[in-house]
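Below is one structure; the comments refer to it alone.
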Amino acid sequence: MSLSSETTNQFIAVGSFILALVALIISIVALSGNSGNGSPQVTLNIPSAYNDRSTVNGEDKVWLLHIGNTDTNIEYINEESGQVEGFNVDIINAVCRIANKNCRLVFDVYSNCWMNVAGETARGGHGLMAGWFDSCAAWPISKQRARTFRFGDPFSQPPAEVFVTLKDNPNGFDWHDLTNKKIGFIDASGVNSHCLATQDDVITGAVLEENQILHYTDTAQIIAALTENKIDAAFLMIARARHEDLETISEELRLCDRKGFAMMTRYDGKLIDWWNPAQAKLLASKEYAAICEDVRDAHGHKQGQDPADFCIGI
């Protein structure tokens with residue numbers, strides 16, 4: 001008995017649906033199999049409006065904390081494990097444990113926390129604004145950011161910023177006069193042209209034209225731009241300036257960030273409500289001092305600041 005073409009098409013449609021359903025079930029099982037304590041959890045950047053993350057595997061809310069990579073002792077990628085490590089991560093682990101909260105780090109670019117584009121107004125990054133994360137971890141508190149986001153209490157001293165060139169300042173750059181000079185900045189950093197522009201009574205030519213402002217994603221790109229004479233100098237947070245190929249040519253300035261590193265959230269976020277009390281307990285304990293010592297010990301192979309320069313009370 002032969003089947004009509006209409007019947008055949010119906011069988012094909014049903015078969016395709018079944019295959020698609022089986023593939024979906026297999027994908028879900030594969031993802032859930034990675035959610036145990038010994039394996040990394042897959043985290044998708046889905047706005048909170050579509051995923052309130054109130055319960056996961058029967059546990060309380062999973063708090064998603066953005067983390068990046070400055071490639072310094074405060075935040076870097078361990079090439080062997082593939083995980084982010086450093087002072088900031090140690091602080092996060094300790095506070096979440098004290099608060100008995102289920103926290104997960106979500107690695108992403110810094111611009112999804114804070115956008116800073118040459119010639120445009122600095123503003124909140126899409127990721128934090130859209131609820132991809134509950135917080136962006138360890139951001140220095142600045143006047144610009146505080147207009148947009150809520151901050152927890154700082155867990156470090158305010159970071160300094162400096163002007164840098166290549167070793168030995170080969171072109172004799174004078175940071176007191178930026179007239180017609182091209183300056184490099186790190187994307188999304190609070191050490192930026194907007195901050196520099198407020199210092200026009202101290203630094204000649206501090207209000208830069210758009211063609212004088214060049215942005216880069218990391219220190220390696222800054223060094224390459226200096227080497228190729230694309231920029232005359234860079235204006236960086238001091239931790240990034242501690243590099244064997246760079247020369248700090250200014251005094252340690254504190255122009256841009258008014259307080260230290262802290263958790264940054266939307267104003268309707270709830271994380272700071274439990275974070276601040278737990279962090280206060282950590283800062284009053286010997287564990288905080290041990291975390292600061294680990295900047296030299298466990299993380300001392302990475303460039304960056306000495307803990308005495310940024311830890312509180314050390």
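Pick out the one residue from 278, 262 that is within 20 Å of residue 67 (Cβ to Cβ), at pLDDT 95 or above and in a strand (DSSP E or B). Lay out the reasoning, then the answer.
On the way: 278 fails: in a strand (DSSP E or B).
The unique qualifying residue is 262.
Of the residues that sit in the range 217-230 and are part of a loop (DSSP other than H, G, I, E, B) and among the polar types (S, T, N, Q), which one is modelled with the highest pLDDT? Per the criteria, the residue is 229.
None of 239, 233, 188 is at pLDDT 90 or above, crowded, with 20+ Cβ neighbours inside 10 Å, touching a Ser or Thr at 6+ places or on another chain (Cβ under 9 Å) and not basic (Lys, Arg) except 233.
Being touching a strand residue (DSSP E or B) at 6+ places or on another chain (Cβ under 7 Å) and farther than 17 Å from residue 197 by Cα is the filter here, so list the residues in the range 160-170 that pass it. Explain how you work it out, then say what you get.
So the first thing to find is which residues in the range 160-170 are touching a strand residue (DSSP E or B) at 6+ places or on another chain (Cβ under 7 Å), and the list is 160-169.
Those that are touching a strand residue (DSSP E or B) at 6+ places or on another chain (Cβ under 7 Å) and farther than 17 Å from residue 197 by Cα: 164, 165, 166, 167, 168, 169.
Among the residues of the range 289-307, those identified as assigned to a helix (DSSP H, G or I) and in contact (Cβ under 8 Å) with a residue 12 or more places away in the chain are 289, 291, 292, 293, 294, 295, 307.
Table: residues versus (1) surrounded by 16 or more Cβ atoms within 10 Å (Cβ to Cβ); (2) charged (D, E, K, R); (3) within 21 Å of the chain's Cα centre (by Cα).
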position	(1), (2), (3)
152	yes, no, yes
162	yes, no, yes
165	yes, no, no
172	no, no, no
175	yes, no, no
180	no, no, no
209	no, yes, no
220	no, no, yes
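Taking residues in the range 267-288 that are more than 19 Å from residue 88 (Cβ to Cβ), and partners anywhere that are surrounded by 13 or more Cβ atoms within 10 Å (Cβ to Cβ) and among the polar types (S, T, N, Q), the pairs with Cβ atoms closer than 9 Å and at least 6 places apart or on different chains are 267/148. Working only within the range 242-263, note down all residues that are open to solvent by 20 Å² or more (accessible area, probe 1.4 Å) and farther than 26 Å from residue 88 by Cα. 249 - this is the single residue of the range 242-263 that is open to solvent by 20 Å² or more (accessible area, probe 1.4 Å) and farther than 26 Å from residue 88 by Cα. Mind listing just one residue for me: the one in the range 92-105 that is out of contact with any strand residue (DSSP E or B) (no Cβ under 7 Å at 6 or more places or on another chain) and open to solvent by less than 50 Å² (accessible area, probe 1.4 Å) and, of those, farthest from residue 218 (Cα to Cα)? The selected residue is 99. The residues listed here are 133, 149, 107; of these, the one that is in contact with a Phe, Trp or Tyr (Cβ under 8 Å, 6 or more places away or on another chain) and among the aromatic types (Phe, Trp, Tyr) is 149.
Has the range 231-238 got at least one residue that is touching a Pro at 6+ places or on another chain (Cβ under 8 Å) and hydrophobic (A, V, I, L, M, F, W, C)? There is at least one residue in the range 231-238 that is touching a Pro at 6+ places or on another chain (Cβ under 8 Å) and hydrophobic (A, V, I, L, M, F, W, C). Contact map, the range 166-178: first residue without any contact (Cβ under 8 Å) to a residue 40 or more places away in the chain, second residue among the acidic types (Asp, Glu) and in a loop (DSSP other than H, G, I, E, B), Cβ cut-off under 9 Å, separation 6 or more or different chains; pairs are 178/232. Among the residues making up the range 184-216, those that are free of Cβ contacts under 8 Å to residues at least 12 places away in the same chain, under 13 Å from residue 118 (Cα atoms) and part of a loop (DSSP other than H, G, I, E, B) are 207, 209.
The values are calculated or read from the model by the stated rules, or taken from the named source; none is laboratory data. Keep in mind that this is a model prediction, so the values were computed, not measured. Neighbour counts are summed over all protein chains in view; Cβ atoms, including those assigned to glycine, are modelled from backbone coordinates with ideal geometry. To get the accessible areas, we keep the full protein, side chains included, count just its heavy atoms, and leave off ligands, DNA and RNA. Shrake-Rupley method; radii C 1.70, N 1.55, O 1.52, S 1.80 Å.
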